[in-house]
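Notes follow the structure.
The values are calculated or read from the model by the stated rules, or taken from the named source; none is laboratory data. Remember, predicted model here, so these are calculated numbers, not experimental data. Here the Cβ positions follow ideal geometry from the backbone for every residue, glycine too, while neighbour counts run over all protein chains shown. Remember, those area values only see protein heavy atoms, side chains included, never the ligands or the DNA or RNA. Shrake-Rupley method; radii C 1.70, N 1.55, O 1.52, S 1.80 Å.
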Amino acid sequence: MESLFENLVIYNISDSAEIYSSVGTRRNMIDRKSFGLIFSTDGKINYFHSGNVYSTDRDHFILAPQGSTYYLICETEDVSPVINFDCNLQTDRFFRFDIPDKNTLDDAKTIVKLYLQKNTGWQIQAKALLYKIIGSLFDSISSGYFPPHINACISYIYKNFGDPELDNKEIAESANISQIYLQKEFVKYIGQPPRKFLQKIRINTAEEMLVSKNLSVSDIAQSVGYASVYHFSRAFKNMTGISPLQYRKNSRQKM
């Protein structure tokens, strides 16, 4: 860890912003142009890279490497301060860090403000704060990315959530673990049972499709793994509070 950053030279802050994400938002990043430190203000976002999952929340942030290709899914509504920078780092790994203290997030937000205002000397001030953030990380690297068997299960769920027959037995077998262990580990690392996680993926995907695609509710229900419109509509309303058609109507009125 120390050897990675001890000779770090930050060339410049190339971009910085606070990015809003609603629940279920999915974004793809292809060949990232620069390194980035990515924070979460109040919510939680999962980043999927090379078969691993890295999460940002109020206690953790990540380093995304230059040249990386990945996607993210917002689990809880969030505003994410993002600091993109050019430097001499040589790594293609994602890193997840514990936030040492409240000042770290405050410093990240200040860098965003400096970038947006671009007053005289802002690059020097912003780089100084970025060095400060990175300097506080030597003892804070987190093993918080999920262990291999959890990553295997999550990847399997995302690849197969459209199968209405997908169950805990099949998910557990994908990682060569028992169903009891699957249940225990999901609650430990994800904070919810695998069936509930699967349902959230299905409903979040349905929300996106209802807004972005002109498909019938029946077609969407089938594509996200529900054998009937009735069961889909019931699950959708239980999670969102409204019917699929009402969700589509409300969302498109806001566009």
Next on the checklist: If G51 satisfies all but one of (1) surrounded by fewer than 15 Cβ atoms within 10 Å (Cβ to Cβ); (2) under 12 Å from the mean Cα position of the chain (by Cα), what's the number of the condition it fails?
Outcome noted: (2)
Checklist entry - Exactly one of (1) assigned to a helix (DSSP H, G or I); (2) farther than 20 Å from N46 by Cβ is unmet by N151. Its number? => result (2)
Item to check | Among residues of segment 106-121, those that are surrounded by fewer than 14 Cβ atoms within 10 Å (Cβ to Cβ) and either within 18 Å of Y47 (Cβ to Cβ) or among the polar types (S, T, N, Q) (or both), counted | outcome: 3
Checklist entry - Can you pull out the residues in segment 154-172 that are surrounded by 14 or more Cβ atoms within 10 Å (Cβ to Cβ) and either farther than 15 Å from Q199 by Cβ or touching a His at 6+ places or on another chain (Cβ under 7 Å) (or both)? => result S155, Y156, E170, A172
Checklist entry - Any chance segment 34-41 includes a residue that's among the hydroxyl-bearing types (S, T, Y), under 28 Å from I150 (Cα atoms) and open to solvent by 10 Å² or more (accessible area, probe 1.4 Å)? => result yes
Checklist outcome for this item: Flagged in segment 162-184 as outside any loop (DSSP other than H, G, I, E, B) and within 24 Å of the chain's Cα centre (by Cα), in numbering order, are N168, I171, A172, S174, L182, Q183, K184
Checklist entry - Do any residues in segment 93-114 that are within 23 Å of G67 (Cα to Cα) have Cβ atoms under 8 Å from those of residues that are open to solvent by 60 Å² or more (accessible area, probe 1.4 Å), where the two are at least six apart or on different chains, and which pairs are they? => result F94/S50; F94/Y145; F95/I141; R96/I141; R96/Y145; F97/I141; V112/E18
Checklist entry - Of the numbered conditions (1) at pLDDT 90 or above; (2) over 18 Å from the mean Cα position of the chain (by Cα); (3) open to solvent by 40 Å² or more (accessible area, probe 1.4 Å); (4) not aliphatic (A, V, I, L, M), N103 satisfies every one except a single condition; which is it? => result (1)
Checklist entry - Pick from D42, D92: which is modelled with pLDDT under 90, in contact with a strand residue (DSSP E or B) (Cβ under 9 Å, 6 or more places away or on another chain) and not aromatic (F, W, Y)? => result D42
Next on the checklist: Every residue in segment 185-214 that is part of a loop (DSSP other than H, G, I, E, B), at pLDDT below 90 and open to solvent by 40 Å² or more (accessible area, probe 1.4 Å), please.
Outcome noted: G191, K213, N214
Checklist entry - Can you name the strands (runs of 3 or more DSSP E) wholly within segment 11-64 that have at least 1 residues being within 14 Å of L105 (Cβ to Cβ)? => result 35-38, 52-56, 60-64
Item to check | Where I242 falls short, out of the listed (1) modelled with pLDDT under 90; (2) of a type in the set (V, I, T); (3) not in a helix (DSSP H, G or I) | outcome: (1)
Next on the checklist: Considering only residues that are within 13 Å of G162 (Cβ to Cβ), under 24 Å from the mean Cα position of the chain (by Cα) and in contact (Cβ under 8 Å) with a residue 60 or more places away in the chain, which ones fall in segment 205-239?
Outcome noted: T205, S223, V224, G225
Checklist outcome for this item: Filtering segment 74-100 down to residues that are within 14 Å of I10 (Cβ to Cβ), in contact with a Leu (Cβ under 9 Å, 6 or more places away or on another chain) and either open to solvent by less than 20 Å² (accessible area, probe 1.4 Å) or not in a loop (DSSP other than H, G, I, E, B) (or both) yields I83, N84, F85, C87, L89
Item to check | Criterion (at pLDDT below 85, touching a helix residue (DSSP H, G or I) at 6+ places or on another chain (Cβ under 9 Å) and not hydrophobic (A, V, I, L, M, F, W, C)) met by exactly one of S228, S251, S218 | outcome: S251
